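A quick write-up on the structure given underneath.
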Amino acid sequence: MDSPYEFLVYLKKIKVAHHRFEILIWILNGIIISLLVYAFALYIGLPAFTRFYWQDFLPLAVSPAILSVLIGIIAASLLRRRRSSDLFGLFDPELREKARAAYDNRRARSLPMQSLAAEVRANLAKIRPSRVLDWRQVKIRMALLVLLGGATTILAYSQISADITPSDFQSIADLRDRALDIFANQTAEKKVEVNLSGNIYGKPSLAVLNEEKLEIVLYPGMAAGSRAKATEPTERLFKPSPPGDASAVPAELYIESLPPQNKEIIKKYFENLAKG
Amino acid sequence: MTEDLKAIYGRAPDIFQRLRQEIDRVMVGQTVAIEQLMVAILAGGHALLESNPGLAKTLLVKTAARTMGLGYSRIQCTPDLMPADITGTTIIEETDGSKKFRFEPGPVFANIVLADEINRASPKTQSALLEAMQERQVTVGNRTYLLDRPFFILATQNPIEMEGTFPLPEAQLDRFLLKIFMEYPSFEEELAILERYSGREEPTVERTVSKEEVIALQGLSRDIPVSLELKKDAVELVMATRKWDGVQYGASPRASIGLIVSSKARAFLMGRNYVSKEDLHVMAYPILRHRIILSFEAERKGLTRDQVVTDILKHLGL
């Protein structure tokens, strides 16, 4: 333990402590960013949306949380890469220059190098590795973590995203439909131009059936179906047959009963409904 | 590693302090020039000293030679000075009735050579100094003579009265490690000069270090550790001169070497066993000022080489 080059041992100890500290900062950064992203997702109601549509498939139902963690990990890793992890930067300016010069010339055995190594060893021996680390960075992050944790909890239990109904996702549905329309327009050869613009979901619509007007509101989603508004009772479209005497009877095609000018619009309407 | 070397290394701060004290007995002020002269000697390089007449250039060199116990010679450069006047010549000598050739060494065969007003010598004579400066040897006829160590040329030039002078070519300028400026003394300093030199006796100096010790100190100076970061800074600084706005020709890689070597010498002189950023910053000026050529536009705007160095240092955060 008499060699002046023992400064390398002290330096290694500090390096290990510094490495652990960097990992701690990386974890804290990851948690903070994940919380931030999840809080934002809560604010826009994304978890409620995914729970609503994928309640039978857990990975998709909790996808906002998984996504938040992934974004947190990636962002924290990028931040870590950008942070200059300089071990010598932990020391005061004079020791920094000495330690850097001594470390870079650690293979030299000249008299000035030996004397420098002895000086650096003496200086480093006085330093406790945990003392040179900037714990303020950890404290700030911990405080931020507590604040964000609180904010996220409040958001999760507040009514901000509790009353989510499918109509709240109108904009998302609009986007999806627009994308589908674009796709359909690209693949289909010149289709008949139908005067059907915008989205049909969530808006009061009028379906004409056998000259009967039916006010309906359609919602997106598979099997979500439609909800008809109560209107006056209408005559059924099938003919009753006597019991025990089942025989085929000609039935009028639904499409044939539609007003010709509205045929295309209704056809498009059901096509969209089927694509759901 | 001998015990002597260890002893010299241990005594180095004391040696440098005594050297300064001795030089200060003769010189008044000029602390920067003295420091840079000592750096040049420690780094084993040559220096170009530029100042107006009467600022004790010769006195400084003579004093440095005396305090270090080194052989000193002076060459007063004139347009009719011949290379042989510097390097020496072979003469026919008659002894006991027989004649034989004998080499008569010129003034370059000394440890410290003062080439006064070097820009007054012809290019032919100036180039005679090239081999001596770079190779530390002199070739006369078909024989090569090694120069004594340490060998240090200190050339002076006068920034005024440029008529009839031969400006040093770039190749030769590059061989000078440092270009040192000497400034006019302050009022107090000039008063002290009057006090010291207007009496019957002039101050004298004593030898404080031997020639062998100077050589040992030069070796130790080269061993001063430099961090990789500072080496990169030095290279960045020198490379920046090559593409800096207003600089027509930048410094050569020899400047990078000179910057590190002289920074080591300065650190050693300051009693440090490592090179600091401050050494690099201070040495950048004497190392670079004679190695960069300003463009006509920059000169027309009144930009000086030292200003360019300051700008580059600021830009690089050094």
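On alpha-carbon atoms, Rg over Rh for region A:4-163 using Kirkwood Rh?
Here the Rg-to-Rh quotient is 1.23.
If you take every DSSP beta bridge fully contained in the protein assembly as shown, what fraction is antiparallel? Give it as a percent rounded to 5.
That works out to approximately 55 percent antiparallel.
Return the long-range amide H neighbours of B:Arg74 (sequence gap of 5 or more, or a different chain), with a cut-off of under 5 Å between placed amide H atoms.
Residues meeting the criterion, in which the H sits 1.01 Å from N, are B:Leu114.
In the neighborhood of B:Val205, defined by Cβ-to-Cβ distances under 12 Å, what is the net charge if each Lys or Arg adds +1 and each Asp or Glu adds -1?
Values: positive: B:Arg18, B:Arg20, B:Arg25, B:Lys62, B:Arg66, B:Arg207; negative: B:Glu22, B:Asp24, B:Glu202, B:Glu206.
Combined, the nearby Lys, Arg, Asp and Glu give +2.
Enter the Cα centre distance for the pair region B:162-201 and region B:256-299, rounded to the nearest angstrom.
19
What residue among B:Arg300, B:Arg291, B:Arg242 shows peak mean-square fluctuation when chain B is described by a Gaussian network model with Cα springs under 10 Å?
The residue that fluctuates most here is B:Arg300.
Tell me which DSSP H helices of chain B clear both cut-offs, 27 Å or more of axial length from alpha-carbon atoms and a mean Kyte-Doolittle hydropathy of at least -1.0.
Numbers: long enough: B:3-26 (34 Å, -0.75).
Those that pass (Cα extent of 27 Å or more, hydropathy at least -1.0) are B:3-26.
Students often get this wrong: which residues of region B:60-91 have the backbone nitrogen under 14 Å from the point 7 angstrom along Cα-to-C-beta of B:Arg102?
Residues B:89-91 qualify, since their backbone N sits under 14 Å from the label point.
Report, in debye and to the nearest 20, how large the dipole of region B:225-318 comes out about its Cα centre when Lys and Arg carry +1 and Asp and Glu carry -1 on their Cβ.
220
Could you pull the Rg and Dmax for the protein assembly as shown, using just the Cα atoms, both in Å?
44.0, 163
Given that compact globular proteins tend to follow 2.2 N^0.38 Å, what is the ratio of the alpha-carbon Rg of region B:27-170 to that value?
1.12
Pull up all non-local amide H partners of B:Thr139: gap of 5 or more, or a different chain, and H-to-H distance under 5 Å with H placed in the peptide plane.
Sorted by chain and number, the residues that satisfy this are B:Tyr145.
In nm, give the distance between the simple-model label positions of B:Thr95 and B:Lys301, each being 7 Å from the Cα along the Cα-to-Cβ direction.
6.6
Over all residues in B:262-272, what is the mean tally of Cβ atoms on other chains that come within 10 Å of each residue's Cβ?
1
So for the protein assembly as shown, taking the charge dipole from beta-carbon charges (+1 Lys/Arg, -1 Asp/Glu), which of B:Val282, B:Gly164, A:Leu273 sits furthest toward the positive end?
Final value for the positive-end residue is A:Leu273.
Sticking with the crude label model, points 7 Å out along Cα→Cβ, report the distance from A:Phe40 to A:Leu78 in nm, one decimal please.
Reported label-point gap for A:Phe40 and A:Leu78 is 1.1 nm.
Three principal axis extents, largest first, for the C-alpha atoms of region B:167-216, in Å?
Projected onto its principal axes, the Cα set of region B:167-216 covers 44, 33, 17 Å.
With runs of 4+ DSSP H residues as the only contributors, calculate the mean residue ellipticity of chain B at 222 nm using -39,500 (n - 2.57) per run, divided by the residue total and rounded to the nearest 500.
Mean residue ellipticity at 222 nm (helix-derived): -15000 deg cm²/dmol.
Could you identify which residue out of B:Lys211, B:Lys231, B:Lys99 has the top mean-square fluctuation in a GNM of chain B using Cα springs shorter than 10 Å?
B:Lys99
Given a 10 angstrom Cα cut-off, can you work out which residue in B:Arg143, B:Arg18, B:Arg120 is the most mobile in a GNM of chain B?
B:Arg143
Just grab the label-to-label distance for B:Gln134 and A:Met142, each label 7 Å out from Cα along the Cβ direction, in nm (one decimal).
For B:Gln134 paired with A:Met142, the spin-label model returns 6.6 nm.
Could you work out, residue by residue across A:103-109, how many beta carbons of other chains sit within 10 Å of that residue's beta carbon, and then give the average as an integer? Each step should come with its number before you reach the end.
On the way: counts 3, 8, 7, 1, 0, 2, 2.
Going residue by residue through A:103-109 and averaging, the value is 3.
For region B:183-318, report the convex hull volume of the alpha-carbon atoms normalised per residue, in Å³, without decimals.
Numbers: hull volume 21.9 nm³, N = 136.
In region B:183-318, the Cα convex hull volume per residue is 161 Å³.
Going from the alpha-carbon gyration tensor of chain B, what semi-axes, largest first and in whole Å, does one get by taking the root of 5 times each eigenvalue?
They are 31, 25, 22 Å, listed from largest to smallest.
Per residue of B:227-236, what is the mean number of Cβ atoms on other protein chains within 10 angstrom of that residue's Cβ? It would help to have the intermediate numbers written out before the result.
Details: counts 11, 5, 7, 4, 1, 0, 0, 0, 0, 0.
The per-residue average across the peptide is 3.
Tell me the net charge near B:Asp245. Cut-off is 15 Å between Cβ atoms, B:Asp245 excluded, with +1 for each Lys or Arg and -1 for each Asp or Glu.
Once all neighbours under 15 Å are counted, the net charge is +3.
For B:Thr156, what residues show an amide H to amide H distance below 5 Å, using hydrogens built from the backbone and excluding near sequence neighbours?
Under 5 Å from the amide H of B:Thr156 lie the amide H atoms of B:Leu49, B:Ala115, B:Asp116, B:Glu117, B:Ile118, each far enough along the sequence or on another chain.
Only the coordinates and a few stated rules stand behind these numbers; no lab work does. If you're wondering where the values come from, they're calculated on a predicted model, not measured in any experiment. Positions of Cβ are backbone-derived with ideal geometry, glycine not excepted, and every protein chain shown enters the neighbour counts.
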